[in-house]
Amino acid sequence: MTTGVHALAEPIRSRRNHWNNHIATHALMRPDAVAVRFRGVDTTWKQLNDRSLKFADALARRGVGFGDRVLILALNYTEYLEAVFGITALGAIAVPVNFRLTPPEVAYIVSDSGAKAVVTDTLLQPLATAVRAQSPALETVIVIGGGSGDGVLGFDDLLAETGQAHTPLDIPEDTPSLIMYTSGTTGSPKGAILSHANMNAQALTCIRALAIEQESIGFCTSPLFHIAGLGSLAPAFMLGSKTVLHPLGAFDATEFLDAVEAEQATTAFCVPAQWQLICAEPTVKQRNLALEALSWGAAPASDTVLKAMADCFPHSFNVAVFGQTEMSPITCVLEGKDAIRKLGSVGKPIPTIQTRIVDDEMNDVAPGEIGEIVYRGPTLMQGYWNKPEATAEAFAGGWFHSGDLVRRDDEGFIYVVDRKKDMIISGGENIYCAEVENVLFAHPKIREAAVIGRAHEKWGEVPVAVVALVDPDSELAIADIAPFLDENLARYKHPKELVVVAELPRNASGKVVKLQLRKDFSS
């Protein structure tokens, strides 16, 4: 007589907990349910699974295998997702790239990642081919919508090929699935390595924070090259809920509301500036909307915007999410019920990660004191691709150093005061640029603001504010806002000069390039 557990004949790969298996499950259990809707065209879970595997077969026939990297340089399409899942079905790694980058910037990512193929679209094919001219190792260009030229292949042409299928692989959860390049505001971008396990943990975070269910309908406006895009879709892949993928382009509040109403979307993420435009749309309160959860992040929201959201969407709850690419990305969540009374907070850390707020010697600081927030947990990246020194620096002391200087109040809510490398020391006092910027944002004449340090003979450094105005034809001087600053900031934190510009310089991810501001205005 024998006892014990008998293993199933089905190989262990079927038990893996990652999005390729989630999609295969939905394709088997509810094949005709809609997975993705884009420009009025539905793709079912079976279609998504079948097309992704056909794309994997085509890549495998061209030498792409476990651990290889494939760039994706495209706008939002259903095929973008099919490409991601086809790549990861091989155990290869998808490398989404910001399509606003220049050829040399993309070529750097090609060189750093060692990518051997790129998926692009007809609009961006010239950029992709220009990059290939600078990157001989980039062997294959695949174009969504069909392409032309030497060595250029159409995406649907590959799916229509007949040939040997790839051998299904066991892909453990700790296998890298994505390399997401950070924006590189202070230097060359770094590729954060995110595993399947990271994305699973991110999915559970979103499911909890936004109360997502299988019947939910998500509305995605974020570019898929950004972790906010793929990260926000991770719960849909896990649960089998429907996603409406919105085309990229200049944001139009009326178009947004038209689409959300037509699709009866239940969740949507926008940045505060977009929610402000949505709430100002004349017909917003007359719409037949099904929105249950509104989420926002990437920038602070004023009490004016939050009150407008509550007024326009009284039956929805709103949630602020905070994080960074290296954390897949969400680390903190601010629930709508706390948004006004904890104005300026990014919320509390999510329950699945560990956090500390520490000084430069890794000692914990007391509540109310400022320190760097550091992390551990299942959403933490594996490291930076091809950058062991940067990885070692980021993981010094056994915790991931976020670079965010924060304080925690007596209820556990986190407030970001600055980036660690963006602090000004004036006369021995620390001045946190983000704190000064948040005050400037609240001035009715200021549309956007950035604060930098300028060398000073007496004080060492002093803050300088660079602002763009709501009315570009108006004028504003430092003396004009002095009473406003007196009410909101200690005198030593006041900018000593106000520089008015038409627009703040931003990088391809939309972040203010302070390096450029320092070059132009720090002397």
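The values are calculated or read from the model by the stated rules, or taken from the named source; none is laboratory data. Keep in mind the model is a prediction, meaning the values are calculated, not measured. Because the Cβ atoms are built from the backbone with ideal geometry, glycine has one as well, and the counts that use them run over all protein chains shown.
What to note about this one:
- Only strands (runs of 3 or more DSSP E) whose full extent lies in segment 8-114 are considered here, and the ones with at least 2 residues that are under 21 Å from S177 (Cβ atoms) are 34-38, 69-73, 93-96.
- Members of segment 32-48 that are charged (D, E, K, R), within 17 Å of L224 (Cα to Cα) and surrounded by 16 or more Cβ atoms within 10 Å (Cβ to Cβ): R37
- Some residue of segment 175-188 being assigned to a helix (DSSP H, G or I), in contact (Cβ under 8 Å) with a residue 40 or more places away in the chain and not small (G, A, S): no
- Applying the criterion of being more than 18 Å from V97 (Cα to Cα) and surrounded by 12 or more Cβ atoms within 10 Å (Cβ to Cβ) to the residues of segment 136-148, the residue that is modelled with the lowest pLDDT is G147.
- When residues of segment 95-116 are limited to those that are buried (at least 24 other Cβ atoms within 10 Å of the Cβ) and in contact (Cβ under 8 Å) with a residue 40 or more places away in the chain, the one farthest from S222 (Cα to Cα): A115
- Of all residue pairs spaced 6 or more apart or on separate chains, those with beta-carbon atoms under 7 Å, a first member in segment 380-400 that is surrounded by fewer than 18 Cβ atoms within 10 Å (Cβ to Cβ) and a second member that is at pLDDT 95 or above and part of a loop (DSSP other than H, G, I, E, B) are G397/M362.
- Subset of segment 298-328 [part of a helix (DSSP H, G or I) and out of contact with any Pro (no Cβ under 6 Å at 6 or more places or on another chain)]: D303, T304, L306, K307, A308, M309, A310, D311, C312, T325, E326, M327
- Qualifying position, being closer than 19 Å to G163 by Cα and not acidic (D, E), among I87, I72: I87
- Selection from segment 437-449 of residues that are in contact with a helix residue (DSSP H, G or I) (Cβ under 6 Å, 6 or more places away or on another chain) and closer than 21 Å to K519 by Cα: A449
- Within segment 360-372, the residues that satisfy the criterion of being in a strand (DSSP E or B) and touching a Gly at 6+ places or on another chain (Cβ under 9 Å) are D364, E372.
- Flag if K285 is out of contact with any Leu (no Cβ under 7 Å at 6 or more places or on another chain), assigned by TED's automatic domain parsing to the domain that holds H401, more than 27 Å from V439 (Cα to Cα) and not in a loop (DSSP other than H, G, I, E, B): yes
- Test: residue in segment 228-239 that is surrounded by fewer than 21 Cβ atoms within 10 Å (Cβ to Cβ) and either assigned by TED's automatic domain parsing to the domain that holds L291 or aliphatic (A, V, I, L, M) (or both): yes
- Among the strands (runs of 3 or more DSSP E) confined to segment 413-523, the ones with at least 2 residues that are touching a His at 6+ places or on another chain (Cβ under 9 Å) and over 30 Å from P96 (Cβ atoms) are located at 460-469.
- Unique match (being assigned to a helix (DSSP H, G or I), assigned by TED's automatic domain parsing to the domain that holds D303 and not charged (D, E, K, R)) among T391, T352, T331, T379: T391
- Taken together, E497, E487, E461, E457 contain a single residue that is crowded, with 17+ Cβ neighbours inside 10 Å, more than 30 Å from I227 (Cα to Cα), acidic (D, E) and without any contact (Cβ under 8 Å) to a residue 60 or more places away in the chain, which is E461.
- Residue among S295, S345 that is assigned to a loop (DSSP other than H, G, I, E, B) and of a type in the set (S, T, Y): S345
- Summed over segment 147-170, residues that are in contact (Cβ under 8 Å) with a residue 12 or more places away in the chain and of a type in the set (V, I, T) total 1.
- From the list T243, T221, the one residue that fits, being touching a His at 6+ places or on another chain (Cβ under 8 Å) and surrounded by 18 or more Cβ atoms within 10 Å (Cβ to Cβ), is T221.
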